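All remarks here apply to the structure that follows.
The values are calculated or read from the model by the stated rules, or taken from the named source; none is laboratory data. Model, not experiment: these values are computed from the prediction. With ideal geometry, Cβ positions are generated from the backbone for all residues, glycine too; neighbour counts draw on all protein chains shown. Please note that ligands, DNA and RNA were not included when accessible areas were found on the heavy atoms of the full protein model with its side chains. Shrake-Rupley method; radii C 1.70, N 1.55, O 1.52, S 1.80 Å.
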Amino acid sequence: MKLEDFVGNQPIVQLMKAGHLPPACLFAGLDGIGKKTLALGLAALANCKDPSQQDLCGKCSSCLKAAAGCHPDIRLMEPQKGNLKIEIMREFNREVQFRPFEGRFRFFIIDQAETMTEEAANSILKTIEEPPESSRIILVSAFPYQLLPTIRSRCQIFPFFPLSQKEIQDYLKDNGLVEDLEMTAAYSEGSIGRAQELDLEETLQDRDRMLEILTSWCSHQSFRSVFQKCEQAPLQTELKNRERVQHYLDLLEALGEDLYFMHVDTPHRVINRDRIEVLGQLSRSLGLNWIRGF
């Protein structure tokens, strides 16, 4: 992928394309918004043999190797069995000292950097503080504050922001996904990765269960009605699973936000647009203070 095709976070893209890449940096932001993709693209651009207008040629031997994931000067380091362990970071400390094999720079991209064990993180402090001139280090993390402060302080941090719904819809359409674009983008939370993985039909079924519970509570003001619905299948089983509980709570939170947007007359911000009539009725029956405290 050429950098001109990168979606979102253009200020960072343009800055990096111009060559303003620090020796050690941290790309921080949601999963699925292109942090690793951009890191790999910048590594390919730095080693491209025939760059044009600050972008990849896409045809030279360096670009082809980068696209195939086998460029000797581009190293992607990822967790094994959930963690980046000391052995991986020791290997990184050794390799970062080598000069480029065939390109201008060696790139080391540490994905999910927050999974480094404390021992592993401490082992690379000196390396990221003073990397060799011919090496560039990019840490990628959706949870930057889980990194040791001593790691963060040695990197220049670049925050990546969620994409707009229009950017996600355009991307999905350009890549052949044309059904339910609006709802898929609405539930993507600003992440192309999440949009691509989303099972929209299942998500909307789960949403409707939460909307039914919310409607029942507002009608009866009774926990009994809520408990009765939670004791029915499939909730009875699913609410024993921590991840599913968090999923349902996220859906409830989105519904609460939609009630607020309806109450303050900003329906264009509503996520659950296919249930806008029900949400409108609910918002009118509730006070603004109740919705704010939801």
Enter the per residue convex hull volume of the chain, computed from alpha-carbon coordinates, in Å³ rounded to the nearest integer.
161 Å³
Against the longest alpha carbon principal axis of the chain, how many degrees, from 0 to 90 and to the nearest 10, is the axis of helix 242-263 turned?
70 degrees
Could you name the lysines in cross-link range of Lys49, using Cα to Cα under 18 Å and dropping any fewer than eight places away on the same chain?
Lys2, Lys17, Lys59, Lys65
If I model a spin label at Phe98 and Ala67 as a point 7 Å from the Cα along the Cα→Cβ vector, what separation in nanometres do I get?
2.5 nm
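May I ask you to work out the translational diffusion coefficient for segment 1-132 at 37 °C, viscosity 0.692 mPa s, via Stokes-Einstein with Rh from the Kirkwood sum over Cα pairs, reported in whole µm²/s?
Working: Rh = 15.5 Å.
The diffusion coefficient I find is 212 µm²/s.
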Could you give the accessible area per residue of the chain, probe 1.4 Å, as a whole number in Å²?
55 Å²
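Which percent, nearest 5, of DSSP beta bridges in segment 61-146 are antiparallel?
Values: 1 of 11 bridges.
Around 10 percent antiparallel, to the nearest 5.
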For segment 26-57 and segment 247-288, write down the distance between their C-alpha centroids in whole Å.
39 Å
Expressed as a whole percentage, what fraction of the accessible surface of segment 96-189 belongs to carbon and sulfur atoms when a 1.4 Å probe is rolled over the protein heavy atoms?
49 percent
Sorted by packing (mean other beta-carbon atoms within 10 Å per residue), highest first, where do 133-141, 76-84 land?
133-141, 76-84
Carbon/sulfur accessible area of segment 240-294, % of total, 1.4 Å probe, equals 48 percent
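Got the relative contact order for segment 7-127 handy, in percent, Cα pairs under 8 Å and 6 or more residues apart? Walk me through the numbers on the way to the answer.
Details: 132 pairs, mean separation 28.0, N = 121.
Once divided by the residue count of segment 7-127, the mean separation gives 23 percent.
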Any idea how far apart Gln14 and Lys81 come out in nm if each label point goes 7 Å out from Cα toward Cβ?
4.7 nm
Three-way shape label, segment 86-204, alpha-carbon gyration tensor, a/c 1.5:
prolate
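Need one number: % antiparallel among DSSP beta bridges in the chain, to the nearest 5. Intermediate values should be presented prior to the final figure.
Working: 1 of 20 bridges.
For the chain, the DSSP antiparallel bridge percentage is about 5.
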Can you tell me which of Ser219, Ser153, Ser61 moves the most in a GNM of the chain? Springs connect C-alpha atoms under 10 Å apart.
Ser219
If I fit a long axis through the Cα atoms of helix 200-220 and take the longest principal axis of the Cα atoms of the chain, what angle between them do I get, 0 to 90°, rounded to 10?
40 degrees
By the C-alpha gyration tensor axes a ≥ b ≥ c (rounded if a/c is under 1.5, else prolate when a/b exceeds b/c, else oblate), the shape of segment 167-294 is oblate
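Tell me whether segment 80-146 comes out rounded, prolate or oblate; compute the Cα gyration tensor, take square roots of the eigenvalues as a ≥ b ≥ c, and use a/c under 1.5 as the rounded threshold. Can you show the working numbers first?
Numbers: a/c = 1.92, a/b = 1.73, b/c = 1.11.
Verdict is prolate for segment 80-146.
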Quick check: the angle from helix 35-47's long axis to the longest principal axis of the chain, C-alpha only, nearest 10 degrees?
20 degrees
